[in-house]
Amino acid sequence: MMKHILMSLWLIEKNQHPNDLGDWSKYEGSRSLLETDQQNVISKYTPFNVIQLEEFVQVMNKEVLKVAQAMITELNLNMNLELHEKLFSFHFE
């Protein structure tokens with residue numbers, strides 16, 4: 001689900017309508033509207049390996065923050081980065 005949310009945000013950033021949850025058509029491969037580096041982020045964690053959980057969560061949070069900041073700038077909105085850090089900073093032990 002986290003991968004789908006991230007891909008949806010990337011498409012919204014491009015003014016494209018994302019797919020419904022669970023619909024992966026046109027997200028991967030030659031018909032994808034995503035950039036190559038975005039497709040690479042997704043393919044690195046497909047299929048998902050639980051051993052990569054900490055890395056996966058950190059990468060997803062970083063990518064969501066990047067796209068959120070770009071959208072916030074574009075729409076002239078505000079974001080509390082300190083609160084975001086508190087909510088999405090996971091440390092596995």
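Restricting region 1-84 to GluC sites (Glu not before Pro) that sit in a DSSP loop and have at most 14 other Cβ atoms within 10 Å of their own Cβ leaves E28, E35. With all protein chains in place and a 1.4 Å probe, the accessible surface of region 8-77 carries 53 percent carbon and sulfur.
Placing unit charges on each Cβ (+1 for Lys and Arg, -1 for Asp and Glu) gives the chain a dipole about its Cα centre, and among H4, N78, Q16 the Cα reaching farthest toward its positive end belongs to Q16. Each Lys and Arg Cβ is given +1 and each Asp and Glu Cβ -1; about its Cα centre, the chain then shows a dipole of about 200 debye. Among L81, L34, L11, the residue with the largest mean-square fluctuation in a Gaussian network model of the chain, with springs joining Cα atoms closer than 10 Å, is L81. Taking all protein chains as shown and a probe of 1.4 angstrom, H4 keeps an accessible surface of around 10 Å². Accessible surface for the chain, divided over its residues, is 73 Å² per residue with a 1.4 Å probe. Note on the chain: along the principal axes its Cα atoms extend 38, 38, 22 Å, ordered by decreasing extent. Adding -39500 (n - 2.57) for every DSSP H run of four residues or longer, then dividing by how many residues the chain holds, sets the calculated 222 nm ellipticity at -17500 deg cm²/dmol. Residues F56, F48, ordered by accessible area of protein heavy atoms at a 1.4 angstrom probe radius and largest first, appear as F48, F56. GNM remark for the chain: springs join alpha carbons under 10 Å apart, and the peak mean-square fluctuation among I42, I72, I51 falls on I51. Listed by number, the DSSP H helices of the chain that run 15 Å or longer by alpha-carbon position along their axis and have mean Kyte hydropathy of at least -0.5 are 2-13, 53-75.
Sorting D23, D37 on solvent-accessible area from highest to lowest, probe radius 1.4 Å, gives D37, D23.
The values are calculated or read from the model by the stated rules, or taken from the named source; none is laboratory data. Only a predicted model underlies this, so the values are computations on that prediction, with no experimental measurement involved. Note that each Cβ is placed from the backbone with ideal geometry, even for glycine, and that neighbours are counted across all protein chains shown. In case anyone asks, the SASA skips ligands and DNA or RNA and just uses the protein heavy atoms, side chains included. Shrake-Rupley method; radii C 1.70, N 1.55, O 1.52, S 1.80 Å.
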